[in-house]
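The values are calculated or read from the model by the stated rules, or taken from the named source; none is laboratory data. All of these numbers come straight from a predicted model, not from anything done at the bench. Cβ placement follows ideal geometry from the backbone for every residue including glycine, while neighbour counts extend to all protein chains displayed. Surface accessibility is based on the protein's heavy atoms, side chains included, excluding ligands, DNA and RNA. Shrake-Rupley method; radii C 1.70, N 1.55, O 1.52, S 1.80 Å.
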Amino acid sequence: RTMNTKFLVAALALASLVACHRQDPQAEAKAQAAQAAAQEAAATDAAKAFDAAVAQQNWRLAKAQGDVLIAQFPQSQAAQRVRAQMADVKAKADAAREGERTAALWSYDKEAVQGGGTQLSAAIYSRDPVDTGGGAQPVRLIFRDHPSWGRSSYLVLAGGDFDKACYGHCKVMVTVDDQAPKAMAANRPKTDEAIAMFIDDHKGLWKLAKSAKTLTIEFPVKGYGKKTAVFETAGLDATQLPKWN
């Protein structure tokens, strides 16, 4: 019984000592300072990953690194520095994502032709389906460089046909972004092999496509009046048709 009493007294004394130690302001301040230093060091390491992504102009990765840093260490000096850059980084990340999206809208083709040479083409479908006869389907815009036939630009319909007036000569209205529409001469070849209509000024249309975010073309359709196709041309890789530039 005496040993148990002595043990209990010693345990209480130890607990009291530990409690006093825990309540020691100096010890608590040191512990908090050590924790803050460790968090700042971890935040600094995370900021290095952010800085590396910025240096590589990998804006999507930089945004992701910055978001993680700010979420995990919001009070750190590193987070404060990175936070000041995030609006610019986010804008560039969004632009990069949009650039990848619009670039993927284009398709390019190289095809060997009979008699020698290579045909090059750049093609894009309209943003929205257009009902030109036979249901709503995308309209295709094609720029072609043929070794024998030369360069041309034309629209291709999946259904219906262009107005019969275009078999000789007609006009299409072309709009770049929010600018005023511009009339351009066009013609529908007298053939049933493909439902296509050439826009005569292929060089001018190519120039517009290179400079535009969206290129809108209004054209007459047989039995359906005027129809409009919108092409998101911003992602055009002009180097695919090098002689056009």
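Order these peptides, 61-69, 40-48, by their mean beta-carbon neighbour count within 10 angstrom, highest first. Working shown, then result.
On the way: 61-69: 20.1, 40-48: 16.1.
Top to bottom by mean Cβ count within 10 Å: 61-69, 40-48.
For D109, tell me the accessible area in Å² from a 1.4 Å probe, rounded to the nearest 10.
The accessible area comes out at roughly 70 Å².
What aspartates and glutamates could a cross-link reach from K190, if we take a straight Cα to Cα line under 15 Å and drop same-chain neighbours fewer than 8 places away?
Within reach: D161, D163.
The range 42-88: D in µm²/s via Stokes-Einstein (Kirkwood Rh, Cα pairs, 37 °C, 0.692 mPa s)?
327 µm²/s
Excluding ligands and nucleic acids, what accessible area in Å² is computed for S107 using a 1.4 Å probe, to the nearest 10?
So the heavy atoms of S107 present about 50 Å² to solvent.
Taking 0.36 nm per intervening residue step and subtracting the Cα-Cα distance, what contour gain separates V230 from V68 on full extension? Don't skip to the answer; put the middle values down first.
Values: separation 162, 0.36 × 162 = 58.32 nm, distance 3.87 nm.
Length gained between V230 and V68: 54.5 nm.
If I histogram all Cα-Cα distances within the range 170-245 using bins 10 Å wide from 0, what percent of pairs lands in each bin?
Calculated over all Cα pairs of the range 170-245, the distribution is 17, 47, 31, 5 percent.
Below 18 Å, Cα to Cα, which lysines can K243 reach? Residues fewer than 8 away in the same chain don't count.
Within reach: K110, K203, K207, K210.
Which of Q119, H146, A103 sits farthest toward the positive end of the charge dipole of the range 81-177, with +1 on the Cβ of Lys and Arg and -1 on the Cβ of Asp and Glu?
The Cα lying farthest towards the positive end belongs to A103.
For the range 87-245, count all C-alpha to C-alpha pairs, find those more than 21 Å apart, and express that count as a whole percent of the total. Display every interim value, and only then the final one.
Working: 5974 of 12561 pairs.
Here the long-distance tail beyond 21 Å is 48 percent of all Cα pairs in the range 87-245.
Using 0.36 nm times the number of residues separating A41 and H146, minus their current alpha carbon distance, what extension gain do you get? Don't jump to the answer; show the numbers that get you there.
Numbers: separation 105, 0.36 × 105 = 37.80 nm, distance 6.15 nm.
Result: 31.7 nm gained on full extension.
What order do D161, D88, D237 take when sorted by accessible area (1.4 Å probe), most exposed first?
Working: D161 30, D88 85, D237 55 Å².
The residues order as D88, D237, D161, largest area first.
Just the accessible area per residue of the range 156-245, please: how many Å² with a 1.4 Å probe?
On the way: 4730 Å² over 90 residues.
Here the per-residue accessible area is 53 Å².
Just to verify a number: what accessible area does F198 come out at with the full protein assembly present, 1.4 Å probe, Å² rounded to tens?
Result for F198: roughly 50 Å² accessible.
With the crude spin-label approximation of a point 7 Å out along Cα→Cβ, what separation in nm comes out for Q85 versus S107?
4.1 nm
Hey, any idea what % of the range 49-100's accessible area is carbon plus sulfur with a 1.4 Å probe?
Working: 1640 of 3120 Å².
Looking at the range 49-100 in its full context, I get 53 percent from C and S.
Run down the lysines and flag those whose C-alpha is under 26 Å from the C-alpha of K63, throwing out any fewer than 8 positions away in its chain.
K48, K90, K92, K213
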